[in-house]
1. Surrounded by 16 or more Cβ atoms within 10 Å (Cβ to Cβ), closer than 30 Å to Pro133 by Cβ and within 15 Å of ligand 2 (Cβ to nearest atom): which single residue out of Ile75, Ile50 fits that description?
2. Considering each of Ser202, Ser172 in turn, give the residue that is polar (S, T, N, Q), closer than 28 Å to Tyr78 by Cβ and surrounded by fewer than 20 Cβ atoms within 10 Å (Cβ to Cβ).
3. Whether any residue in the stretch 239-250 is closer than 18 Å to Ala296 by Cβ, surrounded by 15 or more Cβ atoms within 10 Å (Cβ to Cβ) and modelled with pLDDT under 95 is what I want to check.
4. Hey, can you tell me all the residues within the stretch 292-335 that are farther than 19 Å from Thr221 by Cα, surrounded by fewer than 17 Cβ atoms within 10 Å (Cβ to Cβ) and over 25 Å from the mean Cα position of the chain (by Cα)?
5. Go through the stretch 104-120 and give me each residue that's in contact (Cβ under 8 Å) with a residue 24 or more places away in the chain, in a helix (DSSP H, G or I) and away from ligand 2 (no atom under 16 Å from the Cβ).
6. Determine the pairs where a residue that is at pLDDT below 95, located within the stretch 63-75, has a partner that is more than 7 Å from ligand 2 (Cβ to nearest atom) and assigned to a loop (DSSP other than H, G, I, E, B) with Cβ atoms under 7 Å apart, the partner being 6 or more residues away or on another chain.
7. Can you name every one of the strands (runs of 3 or more DSSP E) wholly within the stretch 1-85 that holds 3 or more residues which are within 24 Å of the chain's Cα centre (by Cα)?
8. Among the residues of the stretch 218-234, are any hydroxyl-bearing (Ser, Thr, Tyr), buried (at least 21 other Cβ atoms within 10 Å of the Cβ), in a loop (DSSP other than H, G, I, E, B) and away from ligand 2 (no atom under 16 Å from the Cβ)?
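The values are calculated or read from the model by the stated rules, or taken from the named source; none is laboratory data. The structure presented is a predicted model; accordingly, all values stated were derived computationally and were not measured. Neighbour counts are summed over all protein chains in view; Cβ atoms, including those assigned to glycine, are modelled from backbone coordinates with ideal geometry.
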Amino acid sequence: MTDTLDIKITKAAQSRLAETDFNNLPFGKVFSDHMLVADYADGEWKNFEILPYGPILMSPAISALHYGQAFFEGIKAYKHANGEVSIFRPDKNAIRFNKSAERLCMPTLPEDIFVQSIAALVDIDREWIPGKPNHALYIRPFMFATDAFLGVTPSATYKFVVIVGPVGPYFSKPLKVKIETHYTRAAEGGMGYAKAAGNYGSSMLPARKATEEGFDQLIWTDAKEHKYIEEMGAANAMFLLDGKLITAEAKDTILDGVTRDTVIALAKNWGIPVEERKVSVAELIEGAKNGKLTDAFGAGTAATIASVASITYEGVEYPLSDPATREFSKKVLTTLDDIKYGRAEDAHGWNYTV
Ligand code: PLP
Ligand code: COI
C-alpha cells in the first residue's frame, strides 16, 4: 500500500443531477459531474486531478487514435439500502488493467493507486449512484497514448482517465445468440485477454451483421477451427451441462472476467463441479438437443448474468429451457445482488467500501 494518493479537486460549479432522469438510464449515455485525469510523463504518473466532466483537449496526431494504444476497464459501484456505497472487486480490475497495459506497451499503474483513484471519484459523485434494483454506477477507467507522433512505436506519454455514470440493465431480455463461424474476436498470440480498444472496434462489423440477421448477440469461436466456444459478445460464455459449470479456460484469447471468476467461486461454494476447459460447439448442440444443457448465460460487469434464450448454429436454431425456470443462473443472480447491494454477508470480501 502506498500513501494516500494526492488528488487535486475542482468541483463542478453546478451539478447536473437535478436534470438527470433516473427512470431512463440507457447504458453508457449519462455521465456524472466529475472525472479523474492523470498524466504519465518522464517515466512517472503525476497530476492526479478530479475536475468537472467534460472534453479533453488532445493533439490529432496521438498514437491512441492512429494505432490503438488505448484500453479500458469496466466496474460497478452499488448503493446499499442503508446508504453505504461499495465497489465490486476493483482489485481484480486493477490487475487486469495492468495486463492490458503490458500487452499494449503502455505504463502500468500501481494497483492501490488505481483503486484509490476510482474510489475518490465515486465518493465525490456518490449521489449519482441509483438506489434502485438492477441499477449501479458504471465506472469506466481507461488509458490512452498522448504523444503527437506518427511513428509506430510506443508513446512516451499517456493519460489515465476515469469517468462514471448511472446505468440500468445492459440487456432487457433473454438473448437469441448465433455461433459465429466466420469472424474471429481473438487469435492465439493476439490480445484477446486485454481490454484493448481495438478488440471492440473489430467486433462491431460481425455484431452488426448478427443484429441484421435478427440475433441479439454472437458467440465467438476459436480462430483456427471455429469449433470451440470462446466468449459471448462482451461477456464470458458460461454453461451448465450435465450438472457441471463449464466455460472456456482463461487463456490468451479470453478476457479473464471478474464476473466469470465470481460465478466460478459461487459454484464451487455450492459444490457444483466446475470445468474451465475447451467447450466444443458440438457438445453444446448435443446438450441443447437432449436437454442436458440446462443453463447458458453471458457473464460480465455490464451484462451481469445475461440468459441465452436460444443458440443458432449453421442456420439451425436450438431453443433452450425457459430462463425463468433456470435454477443455477437465478441463484447466481440473486446471491450476487444480495452481496453487491449489502443484503448478504460478503464472505469473500468482494465489496470495497467507499
Ligand atoms: N469478455 C469481454 C470481451 C468483455 O468485454 C467483458 C466485459 O468486461 C467480459 C468478458 C466480462 O468481464 P467482467 O466480468 O470483468 O466485466
Ligand atoms: C463491461 O462489462 O464492463 C464491458 O466492458 C462491456 C462493455 C464493452 C459494454
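1. Numbers: Ile50 fails: within 15 Å of ligand 2 (Cβ to nearest atom).
When all the criteria are applied, what remains is Ile75.
2. Ser172
3. No - not one qualifying residue is present in the stretch 239-250.
4. Lys292, Pro319, Ser321, Asp322, Thr325, listed by residue number.
5. Asp112, Ile113, Val115, Gln116, Ser117, Ala119, Ala120
6. Short answer, once both residue conditions are applied: Ser63/Gln69; Ser63/Asp147; Ser63/Phe149; Ser63/Ser155.
7. Values: elements: 34-41, 44-52, 70-72, 75-79.
By residue number, 34-41, 70-72, 75-79.
8. So in the stretch 218-234, the residues hydroxyl-bearing (Ser, Thr, Tyr) come out as 221, 228.
Filter once more, keeping what is buried (at least 21 other Cβ atoms within 10 Å of the Cβ): 221.
Narrowing further to those that are in a loop (DSSP other than H, G, I, E, B): none.
Looking for residues that are hydroxyl-bearing (Ser, Thr, Tyr), buried (at least 21 other Cβ atoms within 10 Å of the Cβ), in a loop (DSSP other than H, G, I, E, B) and away from ligand 2 (no atom under 16 Å from the Cβ), one finds none in the stretch 218-234, hence no.
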